[in-house]
Number of protein chains: 2
Amino acid sequence: MINFEESALNFLRQNIRDIPDFPKPGIIFKDITPLLKNPDTLNLTSRLLAKPFLNKNVDLIVGLESRGFLFGTTLAMDLHAGFVPIRKPNKLPGETVSATYQLEYGTDSVEIHADSIIKGNRVVIHDDLIATGGTASAATKLVEKLGGEVIGYSFILELTFLGGMKNLKEGALINTLLKY
Amino acid sequence: MINFEESALNFLRQNIRDIPDFPKPGIIFKDITPLLKNPDTLNLTSRLLAKPFLNKNVDLIVGLESRGFLFGTTLAMDLHAGFVPIRKPNKLPGETVSATYQLEYGTDSVEIHADSIIKGNRVVIHDDLIATGGTASAATKLVEKLGGEVIGYSFILELTFLGGMKNLKEGALINTLLKY
(Lines give C-alpha, C1' and ligand atoms only; values in the text may rest on other atoms or scores of the structure.)
Protein backbone atom coordinates (compact mmCIF):
# COMPACT_ATOMS: atom_id res chain seq x y z
CA MET A 1 0.00 0.00 0.00
CA ILE A 2 1.28 3.43 -0.92
CA ASN A 3 -0.38 6.55 0.44
CA PHE A 4 -1.13 9.80 -1.38
CA GLU A 5 1.87 11.66 -0.03
CA GLU A 6 4.35 8.91 -0.88
CA SER A 7 3.08 8.68 -4.44
CA ALA A 8 3.20 12.49 -4.77
CA LEU A 9 6.81 12.49 -3.60
CA ASN A 10 7.66 9.72 -6.07
CA PHE A 11 6.15 11.86 -8.81
CA LEU A 12 8.39 14.77 -7.75
CA ARG A 13 11.44 12.50 -7.60
CA GLN A 14 10.87 11.50 -11.23
CA ASN A 15 11.09 15.19 -12.13
CA ILE A 16 14.52 15.74 -10.56
CA ARG A 17 17.28 15.25 -13.09
CA ASP A 18 20.88 14.13 -12.41
CA ILE A 19 23.51 16.20 -14.21
CA PRO A 20 26.96 14.60 -13.91
CA ASP A 21 30.08 16.75 -13.42
CA PHE A 22 28.29 20.01 -12.56
CA PRO A 23 29.43 22.47 -11.28
CA LYS A 24 32.70 20.51 -11.29
CA PRO A 25 33.99 17.03 -12.21
CA GLY A 26 32.85 14.24 -9.92
CA ILE A 27 29.75 16.05 -8.62
CA ILE A 28 26.28 14.89 -9.63
CA PHE A 29 24.00 17.93 -9.62
CA LYS A 30 20.32 17.49 -8.73
CA ASP A 31 18.47 19.70 -11.21
CA ILE A 32 14.99 20.89 -10.18
CA THR A 33 14.18 22.68 -13.45
CA PRO A 34 12.04 19.77 -14.84
CA LEU A 35 9.91 20.05 -11.71
CA LEU A 36 9.39 23.79 -12.33
CA LYS A 37 8.53 23.32 -15.99
CA ASN A 38 5.64 20.95 -15.31
CA PRO A 39 2.61 22.84 -13.92
CA ASP A 40 1.50 19.81 -11.89
CA THR A 41 4.82 19.22 -10.12
CA LEU A 42 5.23 22.99 -9.63
CA ASN A 43 1.91 23.10 -7.75
CA LEU A 44 2.47 19.87 -5.90
CA THR A 45 5.93 20.92 -4.69
CA SER A 46 4.61 24.18 -3.32
CA ARG A 47 1.71 22.46 -1.53
CA LEU A 48 3.96 19.78 -0.02
CA LEU A 49 6.43 22.43 1.15
CA ALA A 50 3.60 24.33 2.85
CA LYS A 51 1.75 21.38 4.40
CA PRO A 52 3.57 20.98 7.77
CA PHE A 53 3.47 24.76 8.35
CA LEU A 54 -0.26 25.31 7.84
CA ASN A 55 -1.72 26.61 11.12
CA LYS A 56 1.75 27.27 12.55
CA ASN A 57 1.22 31.05 12.36
CA VAL A 58 4.20 31.69 10.11
CA ASP A 59 4.81 35.44 9.64
CA LEU A 60 7.65 35.31 7.14
CA ILE A 61 9.40 33.00 4.71
CA VAL A 62 13.06 33.90 4.37
CA GLY A 63 14.40 32.62 1.02
CA LEU A 64 18.00 32.27 -0.06
CA GLU A 65 19.26 33.68 -3.37
CA SER A 66 18.61 32.60 -5.96
CA ARG A 67 16.99 29.15 -6.18
CA GLY A 68 15.41 29.74 -2.78
CA PHE A 69 13.43 32.57 -4.41
CA LEU A 70 11.59 30.12 -6.70
CA PHE A 71 9.46 28.35 -4.10
CA GLY A 72 10.02 30.91 -1.33
CA THR A 73 7.30 33.18 -2.69
CA THR A 74 4.83 30.39 -3.52
CA LEU A 75 5.34 28.98 -0.02
CA ALA A 76 4.74 32.45 1.45
CA MET A 77 1.53 32.78 -0.56
CA ASP A 78 0.29 29.33 0.43
CA LEU A 79 0.85 30.22 4.12
CA HIS A 80 -0.39 33.81 3.76
CA ALA A 81 3.01 34.93 5.07
CA GLY A 82 5.36 37.61 3.75
CA PHE A 83 8.61 36.93 1.95
CA VAL A 84 12.08 38.29 2.80
CA PRO A 85 15.11 37.64 0.57
CA ILE A 86 18.62 36.84 1.78
CA ARG A 87 21.12 37.78 -0.88
CA LYS A 88 24.81 37.75 -1.74
CA PRO A 89 26.78 40.86 -0.69
CA ASN A 90 25.89 44.24 -2.22
CA LYS A 91 22.70 43.07 -3.93
CA LEU A 92 20.14 44.41 -1.45
CA PRO A 93 19.63 48.16 -1.85
CA GLY A 94 18.71 49.13 1.74
CA GLU A 95 20.66 48.96 5.01
CA THR A 96 21.73 45.36 5.67
CA VAL A 97 23.22 43.07 8.30
CA SER A 98 25.48 40.23 7.17
CA ALA A 99 26.72 36.83 8.31
CA THR A 100 29.74 34.84 7.18
CA TYR A 101 29.91 31.09 6.62
CA GLN A 102 32.58 28.52 5.88
CA LEU A 103 33.16 27.08 2.41
CA GLU A 104 35.35 24.09 1.50
CA TYR A 105 38.11 26.64 0.88
CA GLY A 106 37.62 30.09 2.40
CA THR A 107 34.44 31.89 3.48
CA ASP A 108 31.43 33.60 1.94
CA SER A 109 28.73 35.89 3.30
CA VAL A 110 25.04 36.69 2.92
CA GLU A 111 22.93 39.74 3.75
CA ILE A 112 19.41 40.62 4.85
CA HIS A 113 17.68 44.01 5.04
CA ALA A 114 18.08 45.34 8.60
CA ASP A 115 14.40 46.38 8.78
CA SER A 116 12.95 43.23 7.23
CA ILE A 117 11.98 41.40 10.41
CA ILE A 118 10.04 42.60 13.44
CA LYS A 119 11.04 41.26 16.89
CA GLY A 120 9.07 38.10 17.60
CA ASN A 121 8.22 37.34 13.94
CA ARG A 122 7.83 33.61 13.35
CA VAL A 123 10.12 32.71 10.46
CA VAL A 124 10.62 29.68 8.20
CA ILE A 125 13.89 29.55 6.26
CA HIS A 126 13.61 28.13 2.74
CA ASP A 127 16.14 26.97 0.17
CA ASP A 128 15.94 24.46 -2.68
CA LEU A 129 18.67 22.27 -1.21
CA ILE A 130 20.40 21.56 2.09
CA ALA A 131 23.94 20.28 1.70
CA THR A 132 26.40 21.14 4.52
CA GLY A 133 23.89 23.57 6.05
CA GLY A 134 26.37 26.48 5.97
CA THR A 135 24.04 29.00 4.34
CA ALA A 136 21.00 27.82 6.34
CA SER A 137 23.03 28.34 9.51
CA ALA A 138 24.10 31.83 8.37
CA ALA A 139 20.45 32.61 7.57
CA THR A 140 19.46 31.49 11.09
CA LYS A 141 22.01 33.90 12.59
CA LEU A 142 20.66 36.77 10.47
CA VAL A 143 17.03 36.15 11.45
CA GLU A 144 17.95 35.91 15.14
CA LYS A 145 20.14 39.03 14.96
CA LEU A 146 17.01 40.93 13.90
CA GLY A 147 14.91 39.43 16.71
CA GLY A 148 13.01 36.88 14.63
CA GLU A 149 12.25 33.36 15.82
CA VAL A 150 13.27 30.55 13.45
CA ILE A 151 10.42 28.08 13.89
CA GLY A 152 11.20 25.95 10.84
CA TYR A 153 13.19 25.06 7.75
CA SER A 154 11.92 24.06 4.33
CA PHE A 155 13.96 22.31 1.63
CA ILE A 156 13.07 20.42 -1.52
CA LEU A 157 16.24 18.29 -1.46
CA GLU A 158 18.62 17.06 1.20
CA LEU A 159 22.04 15.54 0.55
CA THR A 160 22.00 13.45 3.72
CA PHE A 161 25.66 12.32 3.53
CA LEU A 162 26.79 15.94 4.09
CA GLY A 163 25.09 16.10 7.51
CA GLY A 164 23.64 19.59 7.17
CA MET A 165 20.84 18.91 9.67
CA LYS A 166 23.23 19.28 12.60
CA ASN A 167 23.73 22.95 11.66
CA LEU A 168 20.03 23.83 11.97
CA LYS A 169 18.39 25.26 15.07
CA GLU A 170 17.41 22.56 17.54
CA GLY A 171 13.67 22.13 18.05
CA ALA A 172 12.72 23.77 14.75
CA LEU A 173 10.30 21.96 12.43
CA ILE A 174 12.24 20.66 9.42
CA ASN A 175 10.46 19.78 6.17
CA THR A 176 12.59 18.16 3.47
CA LEU A 177 10.69 16.64 0.56
CA LEU A 178 13.34 14.38 -0.98
CA LYS A 179 16.46 12.84 0.59
CA TYR A 180 19.46 11.55 -1.34
CA MET B 1 -14.40 57.76 -8.63
CA ILE B 2 -11.57 55.27 -8.27
CA ASN B 3 -12.06 51.67 -9.29
CA PHE B 4 -10.84 48.53 -7.51
CA GLU B 5 -7.85 48.03 -9.75
CA GLU B 6 -6.63 51.63 -9.45
CA SER B 7 -6.83 51.52 -5.68
CA ALA B 8 -5.04 48.15 -5.61
CA LEU B 9 -2.24 49.61 -7.74
CA ASN B 10 -2.00 52.63 -5.44
CA PHE B 11 -1.63 50.22 -2.52
CA LEU B 12 1.23 48.49 -4.34
CA ARG B 13 2.86 51.81 -5.18
CA GLN B 14 2.95 52.71 -1.48
CA ASN B 15 4.94 49.52 -0.90
CA ILE B 16 7.71 50.38 -3.38
CA ARG B 17 10.59 52.14 -1.68
CA ASP B 18 13.03 54.62 -3.25
CA ILE B 19 16.67 53.99 -2.38
CA PRO B 20 18.88 56.87 -3.52
CA ASP B 21 22.35 56.23 -4.98
CA PHE B 22 21.95 52.48 -5.53
CA PRO B 23 23.62 50.66 -7.22
CA LYS B 24 25.62 53.81 -8.00
CA PRO B 25 25.52 57.55 -7.23
CA GLY B 26 22.70 59.45 -8.95
CA ILE B 27 20.44 56.42 -9.47
CA ILE B 28 17.23 56.06 -7.45
CA PHE B 29 16.56 52.34 -7.04
CA LYS B 30 12.95 51.14 -6.84
CA ASP B 31 12.98 48.50 -4.09
CA ILE B 32 10.20 45.89 -4.19
CA THR B 33 11.15 44.14 -0.93
CA PRO B 34 8.46 45.94 1.16
CA LEU B 35 5.87 44.59 -1.29
CA LEU B 36 7.18 41.04 -0.78
CA LYS B 37 7.25 41.32 3.00
CA ASN B 38 3.57 42.21 3.29
CA PRO B 39 1.37 39.12 2.67
CA ASP B 40 -1.43 41.26 1.22
CA THR B 41 0.69 43.09 -1.35
CA LEU B 42 2.51 39.83 -2.16
CA ASN B 43 -0.81 38.21 -3.06
CA LEU B 44 -2.22 41.25 -4.80
CA THR B 45 0.87 41.69 -6.98
CA SER B 46 0.73 38.10 -8.12
CA ARG B 47 -2.99 38.31 -8.94
CA LEU B 48 -2.60 41.58 -10.84
CA LEU B 49 0.33 40.17 -12.81
CA ALA B 50 -1.77 37.14 -13.77
CA LYS B 51 -5.05 38.93 -14.57
CA PRO B 52 -4.58 39.84 -18.27
CA PHE B 53 -3.23 36.36 -19.05
CA LEU B 54 -6.07 34.31 -17.56
CA ASN B 55 -7.69 32.30 -20.39
CA LYS B 56 -4.80 33.09 -22.76
CA ASN B 57 -3.62 29.46 -22.65
CA VAL B 58 -0.15 30.29 -21.37
CA ASP B 59 2.07 27.19 -21.31
CA LEU B 60 5.18 28.65 -19.69
CA ILE B 61 6.38 31.64 -17.70
CA VAL B 62 10.02 32.41 -18.44
CA GLY B 63 11.56 34.33 -15.52
CA LEU B 64 14.82 36.23 -15.45
CA GLU B 65 17.43 35.69 -12.72
CA SER B 66 17.11 36.57 -9.96
CA ARG B 67 14.32 39.03 -9.09
CA GLY B 68 12.25 37.60 -11.96
CA PHE B 69 12.20 34.31 -10.03
CA LEU B 70 10.20 35.89 -7.18
CA PHE B 71 6.90 36.42 -8.98
CA GLY B 72 7.70 34.18 -11.94
CA THR B 73 6.70 31.05 -10.03
CA THR B 74 3.61 32.58 -8.38
CA LEU B 75 2.49 33.85 -11.79
CA ALA B 76 3.03 30.37 -13.26
CA MET B 77 0.96 28.84 -10.46
CA ASP B 78 -1.85 31.38 -10.87
CA LEU B 79 -2.01 30.57 -14.60
CA HIS B 80 -1.45 26.83 -14.14
CA ALA B 81 1.58 27.19 -16.40
CA GLY B 82 5.10 25.83 -15.95
CA PHE B 83 8.14 27.93 -15.08
CA VAL B 84 11.46 28.12 -16.93
CA PRO B 85 14.42 30.13 -15.59
CA ILE B 86 16.77 32.26 -17.67
CA ARG B 87 20.08 32.63 -15.86
CA LYS B 88 23.47 34.28 -16.06
CA PRO B 89 26.19 32.23 -17.79
CA ASN B 90 27.30 28.89 -16.28
CA LYS B 91 24.51 28.71 -13.71
CA LEU B 92 22.18 26.26 -15.47
CA PRO B 93 23.44 22.69 -15.18
CA GLY B 94 22.07 21.18 -18.42
CA GLU B 95 22.77 21.96 -22.09
CA THR B 96 22.00 25.63 -22.79
CA VAL B 97 21.58 28.17 -25.56
CA SER B 98 22.65 31.75 -24.94
CA ALA B 99 21.97 35.29 -26.16
CA THR B 100 24.04 38.42 -25.78
CA TYR B 101 22.76 41.92 -25.07
CA GLN B 102 24.17 45.42 -24.93
CA LEU B 103 25.03 47.18 -21.67
CA GLU B 104 25.86 50.86 -21.23
CA TYR B 105 29.51 49.77 -21.57
CA GLY B 106 30.12 46.35 -23.12
CA THR B 107 27.86 43.31 -23.35
CA ASP B 108 26.43 40.58 -21.15
CA SER B 109 24.69 37.30 -21.85
CA VAL B 110 21.94 35.04 -20.52
CA GLU B 111 21.19 31.33 -20.93
CA ILE B 112 18.22 28.98 -21.07
CA HIS B 113 18.10 25.18 -20.98
CA ALA B 114 18.03 23.91 -24.58
CA ASP B 115 15.25 21.41 -23.81
CA SER B 116 13.10 23.74 -21.72
CA ILE B 117 10.60 24.78 -24.40
CA ILE B 118 8.59 22.68 -26.85
CA LYS B 119 7.94 24.09 -30.34
CA GLY B 120 4.70 26.09 -30.27
CA ASN B 121 4.66 26.65 -26.49
CA ARG B 122 2.90 29.89 -25.60
CA VAL B 123 5.29 31.85 -23.39
CA VAL B 124 5.08 34.94 -21.17
CA ILE B 125 8.38 36.56 -20.20
CA HIS B 126 8.51 37.94 -16.66
CA ASP B 127 10.91 40.23 -14.82
CA ASP B 128 10.46 42.60 -11.88
CA LEU B 129 11.47 45.64 -13.90
CA ILE B 130 11.75 46.80 -17.49
CA ALA B 131 14.38 49.49 -18.02
CA THR B 132 16.09 49.57 -21.45
CA GLY B 133 14.53 46.22 -22.39
CA GLY B 134 17.92 44.64 -23.17
CA THR B 135 17.43 41.48 -21.11
CA ALA B 136 13.77 41.12 -22.13
CA SER B 137 14.85 41.32 -25.77
CA ALA B 138 17.57 38.69 -25.18
CA ALA B 139 14.96 36.50 -23.46
CA THR B 140 12.67 36.86 -26.50
CA LYS B 141 15.48 35.66 -28.78
CA LEU B 142 16.11 32.64 -26.56
CA VAL B 143 12.45 31.61 -26.46
CA GLU B 144 12.12 31.99 -30.24
CA LYS B 145 15.38 30.09 -30.86
CA LEU B 146 13.78 27.12 -29.09
CA GLY B 147 10.56 27.40 -31.13
CA GLY B 148 8.42 29.05 -28.45
CA GLU B 149 5.93 31.83 -29.16
CA VAL B 150 6.28 34.95 -26.99
CA ILE B 151 2.65 35.95 -26.48
CA GLY B 152 3.27 38.40 -23.63
CA TYR B 153 5.46 40.24 -21.16
CA SER B 154 4.88 40.82 -17.47
CA PHE B 155 6.64 43.42 -15.33
CA ILE B 156 5.95 44.97 -11.94
CA LEU B 157 7.76 48.22 -12.75
CA GLU B 158 8.56 50.18 -15.88
CA LEU B 159 11.06 53.03 -16.10
CA THR B 160 9.27 54.71 -19.00
CA PHE B 161 11.99 57.29 -19.76
CA LEU B 162 14.34 54.45 -20.82
CA GLY B 163 12.01 53.39 -23.63
CA GLY B 164 12.33 49.63 -23.14
CA MET B 165 8.93 48.92 -24.72
CA LYS B 166 10.34 49.41 -28.22
CA ASN B 167 12.59 46.36 -27.68
CA LEU B 168 9.68 43.99 -27.01
CA LYS B 169 8.02 41.79 -29.62
CA GLU B 170 5.34 43.65 -31.55
CA GLY B 171 1.79 42.45 -30.99
CA ALA B 172 2.57 40.77 -27.68
CA LEU B 173 0.35 41.52 -24.67
CA ILE B 174 2.31 43.70 -22.22
CA ASN B 175 1.30 43.96 -18.58
CA THR B 176 3.19 46.49 -16.47
CA LEU B 177 1.72 47.25 -13.05
CA LEU B 178 3.48 50.51 -12.17
CA LYS B 179 5.08 53.11 -14.44
CA TYR B 180 7.66 55.67 -13.33
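The values are calculated or read from the model by the stated rules, or taken from the named source; none is laboratory data. What you see is a predicted model; the values in this text were computed from it and never measured. Methodologically, a virtual Cβ is constructed for each residue, glycine included, from the backbone with ideal geometry; neighbour enumeration extends over all protein chains shown.
Look at B:Gly147 and say whether it is part of a strand (DSSP E or B) and either farther than 24 Å from A:Pro20 by Cβ or of a type in the set (Lys, Arg) (or both).
Numbers: part of a strand (DSSP E or B): no; either farther than 24 Å from A:Pro20 by Cβ or of a type in the set (Lys, Arg) (or both): yes.
No.
Cβ-Cβ under 7 Å, sequence separation 6+ or interchain: first residue in the stretch B:1-26 and of a type outside the set (A, V, I, L, M, F, W, C), partner crowded, with 16+ Cβ neighbours inside 10 Å and assigned to a helix (DSSP H, G or I). Which pairs?
B:Asn15/B:Pro34; B:Asn15/B:Leu35; B:Asn15/B:Thr41; B:Arg17/B:Pro34
Out of (1) touching a strand residue (DSSP E or B) at 6+ places or on another chain (Cβ under 8 Å); (2) over 24 Å from B:Leu48 (Cβ atoms), what's the single condition that is false for B:Ser154?
Condition not satisfied by B:Ser154: (2).
Answer yes or no as to whether B:Lys37 is over 30 Å from A:Asp21 (Cα atoms), buried (at least 23 other Cβ atoms within 10 Å of the Cβ) and touching a strand residue (DSSP E or B) at 6+ places or on another chain (Cβ under 8 Å). Reasoning before the result, please.
On the way: over 30 Å from A:Asp21 (Cα atoms): yes; buried (at least 23 other Cβ atoms within 10 Å of the Cβ): yes; touching a strand residue (DSSP E or B) at 6+ places or on another chain (Cβ under 8 Å): yes.
So B:Lys37 passes the test.
Can you work out which of the residues in the stretch B:122-146 that are more than 9 Å from the chain's Cα centre (by Cα) and small (Gly, Ala, Ser) is nearest to B:Thr100 (Cα to Cα)? I'd like the intermediate steps shown before the answer.
Just the residues of the stretch B:122-146 that are more than 9 Å from the chain's Cα centre (by Cα), to begin with: B:122-123, B:131-135, B:137-146.
Imposing the further condition that a residue be small (Gly, Ala, Ser) reduces the set to B:131, B:133-134, B:137-139.
Details: B:Ala131: 17, B:Gly133: 13, B:Gly134: 9, B:Ser137: 10, B:Ala138: 7, B:Ala139: 10 Å.
By that ranking, first place goes to B:Ala138.
Is at least one residue of the stretch A:93-110 crowded, with 21+ Cβ neighbours inside 10 Å and touching a Leu at 6+ places or on another chain (Cβ under 6 Å)?
No - not one qualifying residue is present in the stretch A:93-110.
Is it true that A:Ala131 is touching a Gly at 6+ places or on another chain (Cβ under 7 Å), without any contact (Cβ under 8 Å) to a residue 24 or more places away in the chain and not hydroxyl-bearing (Ser, Thr, Tyr)? Steps first, answer last, please.
Working: touching a Gly at 6+ places or on another chain (Cβ under 7 Å): yes; without any contact (Cβ under 8 Å) to a residue 24 or more places away in the chain: no; not hydroxyl-bearing (Ser, Thr, Tyr): yes.
No, not satisfied.
Among the numbered conditions (1) part of a loop (DSSP other than H, G, I, E, B); (2) surrounded by 24 or more Cβ atoms within 10 Å (Cβ to Cβ); (3) under 17 Å from the mean Cα position of the chain (by Cα), tell me where A:Ser116 comes up short.
Exception for A:Ser116: condition (3).
State the number of residues belonging to the stretch A:45-84 that are facing chain B (nearest Cβ under 7 Å), among the aromatic types (Phe, Trp, Tyr) and in a helix (DSSP H, G or I).
2
Would you check which residues across the stretch B:1-43 are part of a helix (DSSP H, G or I), touching a helix residue (DSSP H, G or I) at 6+ places or on another chain (Cβ under 9 Å) and within 11 Å of chain A (Cβ to nearest Cβ) and list them? Quick ask: steps written out before the conclusion?
In the first step, residues of the stretch B:1-43 are kept if they are part of a helix (DSSP H, G or I); the result is B:4-13, B:33-37, B:39-43.
Adding the requirement that they be touching a helix residue (DSSP H, G or I) at 6+ places or on another chain (Cβ under 9 Å) leaves B:5, B:8-9, B:11-12, B:34-36, B:39-43.
Residues satisfying the conditions are B:Pro34, B:Leu35, B:Leu36, B:Pro39, B:Asp40, B:Thr41, B:Leu42, B:Asn43.
Does any residue of the stretch A:88-107 turn out to be modelled with pLDDT of 95 or more, assigned to a strand (DSSP E or B) and under 24 Å from B:Asn43 (Cβ atoms)?
No, because not a single residue in the stretch A:88-107 is modelled with pLDDT of 95 or more, assigned to a strand (DSSP E or B) and under 24 Å from B:Asn43 (Cβ atoms).
Give me the residue from the stretch B:119-130 that is touching a strand residue (DSSP E or B) at 6+ places or on another chain (Cβ under 7 Å) and not in a strand (DSSP E or B) and, out of that set, farthest from B:Glu65 (Cα to Cα).
By that ranking, first place goes to B:Gly120.
With (1) farther than 20 Å from A:Pro85 by Cβ; (2) under 20 Å from the mean Cα position of the chain (by Cα) as the list, and B:Phe29 as the residue in question, which single condition is left unmet?
(1)
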